[in-house]
Every structure is written in structure tokens, then in C-alpha cells.
Amino acid sequence: MSDNGPDLSTLTGAELVRLFLDAVDSPPSTDAERAEFFDFKARVFALLADRGNPDAARFAARARADRDRILARIEAAMGGEV
């Protein structure tokens with residue numbers, strides 16, 4: 001996921017969808033990878049929402065909630081230290 005870069009704003013909608021589908025194609029296997037995937041998913045859908053797709057905002061919020069849930073689980077497993 002990290003090779004997707006932090007700035008998605010220069011990509012077209014079709015490029016964002018392609019990038020997202022590529023990320024889905026290689027499912028994450030660890031909690032850290034899952035959290036990173038959901039963070040990426042949230043960024044993609046937030047950008048689509050900013051570009052006028054109101055449904056995308058819901059998906060971005062859900063992805064952020066999934067990411068936060070996984071990060072909380074990681075933190076709990078580490079004894080509260082992340």
C-alpha cells in the first residue's frame with residue numbers, strides 16, 4: 001500500500017478506481033496491513049466525495065471506522081503502546 005503515495009489528488013476518478021482495485025486484488029494479511037488498507041480506502045473515497053460523489057463520503061467514514069477499530073486492537077495487543 002505504501003507505494004501508492006500520499007497524494008492522490010492528481011489522479012482522475014478512473015485512475016483512483018484502478019488503484020483501489022489493485023489494492024483490493026492483494027488482500028492484507030496482518031492487522032497493520034489492514035489498517036493501512038482502510039486508511040488508503042478512506043483517502044480514495046474521501047477524494048471521490050470531494051469531487052461530488054455524496055455516496056463516497058459514507059464509504060470513507062466506514063473505512064476510517066474500520067481503520068480505527070483495527071488500530072485500537074493493535075494498541076490493546078501491545079498493552080496500550082503504539
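The values are calculated or read from the model by the stated rules, or taken from the named source; none is laboratory data. No experiment lies behind these values; they were computed from the predicted model shown. Cβ placement follows ideal geometry from the backbone for every residue including glycine, while neighbour counts extend to all protein chains displayed. When the accessible area is computed, the model is the full protein with side chains, heavy atoms only, and any ligands, DNA or RNA have been set aside. Shrake-Rupley method; radii C 1.70, N 1.55, O 1.52, S 1.80 Å.
The protection proxy used here, the mean number of other Cβ atoms lying within 10 Å of each residue, ranks peptides 18-27, 36-45 as follows, highest first: 36-45, 18-27. Each of 77, 57, 16 was placed along the dipole of the chain (beta-carbon charges, centred on the mean Cα), and the one lying farthest toward the positive end is 57. Surface composition of the chain: carbon and sulfur make up 55 percent of the accessible area, probe 1.4 Å. Panel values: the chain, Kirkwood radius from alpha carbon pairs, Stokes-Einstein at 10 °C and 1.306 mPa s, translational diffusion coefficient 120 µm²/s. Rounded to the nearest 20, the size of the Cβ-charge dipole of the chain about its Cα centre is 360 debye, with Lys and Arg at +1 and Asp and Glu at -1.
Rolling a 1.4 Å probe across the protein heavy atoms gives the chain an accessible surface of 65 Å² per residue.
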